[in-house]
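Notes follow once the structure below has been shown.
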Amino acid sequence: MSNSSSQLIISLSPDMLSVARTRKKKIVQAEQLALDPGEWSELWDEGLIKLDQPLRQLMSRFSSKKSLPATLIYHSPTVTQQVHKFDLNPSAAREAGVAKIREAIGFEDPVEVCVFAQGGKGSESATTLVYSEREEQLMALYGWLNRCNVQVKSLVPSSVAVMNTAAKIAQDAEPKTAIFYLGADVSVMAYANESGVKLIRSVAIGYQKLADCYVRMLRSSEATQASKQDSDSSASVEDVSARAIEMLFEHGVPVGQTEVDGVELQSAVMPMLAPVLQRFCIEIKQTFRFGLSGESMPEKLMICGPGSGIPHISKVIAQHIDMHIKLDPLVESFSVVSAFGKGTLENTIVVANSCPDGLLPDVAHDANMHQFLSRGLTVGALMAIIALGGEFTKTSVRCEQIDYLMGKAERRLNVVNEFYEQRSKAFELSTVISDMSSLILDNVQSVPKWYELLADISVIKPESVRLHELRGSLKNGASIVEISGLAAGDSDKQSSADLNSFVSALEKDEYVERVTLGGTTRVSVGEDQWARQFRLNVELKETSLPYQRIVDATGGENMWGTP
């Protein structure tokens, strides 16, 4: 995330839509609107069209007329994420992580990787978070933002942002201190030492589950009051959700007798909070017990994230966890209920400049490339105009100097005119040669590098990959080599890895423009042995004919030659 220019951060969750304008790691302005969590699934089914008006309403509150790049942090119902630890350097670990998740999701959906920082220099061990989102989900988000005239920079699932933030907090924590990041919908347990991140795990449960208990209590209280008054005075879903969050961060876990609006909280809400709190404790204990088997256990547990601001949360967890419990040192200054308030995930990302790389649909990549090329064309045109203006001025001055010298050397004028005539004839002859060369280039196709590619294939092909057929053809002016074969290995995963290695090597070949992998089929090649049957289309690069040099050489004549 850039920290030098203004940009927008948009946060979308089932109960809240927030927008902030940031500059230099600071929040300049923040706005939010409450949403109905019960409509969350319906919003996705309808392509987020119902969120157009709320987002436009929030954007209208910002005075900036300039279109700013926006990063969307959204609660994803379909994100796929995996955590892997490899005994490889970060670059190789990134590729290995992509290969792992591709085995589960295929090759259609986009994939991104977070490599958590390691300890020693030149470390050969890396922990990676690999994540992917369905293309149709990304298209729904991208279309929603574009309908609201928002310039999309990246789309980041909130669960990924939480894990990335928790990993950074764990690496900065005191020695032998694990962290429990209590987010809104996702919680993360992490532990790191001097050699890097040793353990990181997320669970799909956050303080919103505690807030739901307050929602049920408020609904029950409203129903009771309405029956006594014989009227229906129930508040909207958004108002009740906002009130529940406020009560959660004001009263927290009611360990003592506290009465609010005639309701005794300990008896009314504590029975509903207990199962959620028990789930937190079980997840924490099992994560560190089974995740650090053979490793030295941490001695302390720091509760951080927005949920650490819930009163008495540490006291309840400490009763069930055999570690010293402490809270985030900055928890007293948290303001979780306000838009992008201190302590929220969004505020932490902005202040720490720690937003992970996001995802984009294919259409967004195409649009970004078109915008980049258009900008480059504009800059190039301006530079050309400036250069032409300078050249015109320089030429005009030179012409005046030549006229002056020719006036002084009139006797040489005839010699110069004769030379000019001879040069004109030579120029006409060179024009004919250039036209003939251009005609050849327009009618003679380039010769594909068939033999060079075949020679390279014999070198880069792994032994486990068997080629059945290679067929060359010209399609729509492009030189195509169709390859079909079989990738066999000791295991299904090994055969997939060998096939991916073969495809990657082809893509890097100097004679190849692009490689398109067709369908792959899992087939049996023997007793208890499987392989991947595949088909590839390899498009060769265009090669220029030698006549092009003649055309280039005849295009830059000096019209001011001298004898």
Summed over the other residues with a beta carbon less than 15 angstrom from that of residue 317, with K and R at +1 and D and E at -1, the charge totals +3
Karplus-derived 3J(HN,Hα), 6.51/-1.76/1.60, for each residue of the range 377-382, Hz, glycine and proline x = 5, 5, 4, x, 5, 5
If the convex hull of the alpha-carbon atoms of the range 313-361 is projected onto planes in all directions, what is the mean projected area in square nanometres?
-> 5.8 nm²
Qualifying trypsin sites (Lys or Arg not before Pro) for the range 69-149 [loop in DSSP, other Cβ within 10 Å: at most 16] | 121
Over all pairs of distinct alpha carbons, what does the Kirkwood formula give as the hydrodynamic radius of the chain, in Å?
-> 29.4 Å
When the Kirkwood radius is taken over all Cα pairs of the range 383-443, what Stokes-Einstein diffusion coefficient follows at 20 °C and 1.002 mPa s, in µm²/s?
-> 145 µm²/s
Which whole-percent values make up P(r) of the range 450-540 when all C-alpha to C-alpha distances are grouped in 10 Å steps starting at zero?
-> 17, 52, 25, 6, 0
Between residue 297 and residue 351, the two model label points (7 Å from Cα along the beta-carbon direction) sit apart by a distance in nm of 3.3 nm
On a C-alpha basis, how far is the centre of the range 259-277 from the centre of the range 311-331 in Å? Whole number, if you could?
-> 20 Å
Percentage relative contact order, the chain, counting C-alpha pairs under 8 Å, at least six apart | 11 percent
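How big is Rg to Rh over the range 300-384, alpha-carbon atoms, Rh as the Kirkwood inverse-mean-distance radius?
On the way: Rg = 22.6 Å, Rh = 16.9 Å.
Taking Rg over the Kirkwood Rh, I get 1.34.
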Whole-percent pair-distance distribution, where bins are 5 Å wide, for the alpha carbons of the range 491-538 | 5, 20, 27, 20, 14, 8, 4, 1
Pairwise Cα inverse-distance average, inverted: Kirkwood Rh of the range 1-83 (Å) | 14.0 Å
Phi-derived 3J(HN,Hα) across the range 58-65 with the Karplus relation (6.51, -1.76, 1.60, θ = phi - 60°), rounded Hz, x for Gly and Pro, is 5, 5, 5, 7, 9, 7, 5, 8
Full-extension gain in nm, residue 426 to residue 146, via 0.36 nm per residue minus C-alpha separation | 95.0 nm
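All of the numbers you see were taken from the coordinates with simple rules; none came from a lab. Just so it is clear, the model here is predicted, and its values are computed rather than measured. Using ideal geometry, Cβ is built from the backbone for each residue, glycine included, and neighbour counts are taken over all protein chains shown.
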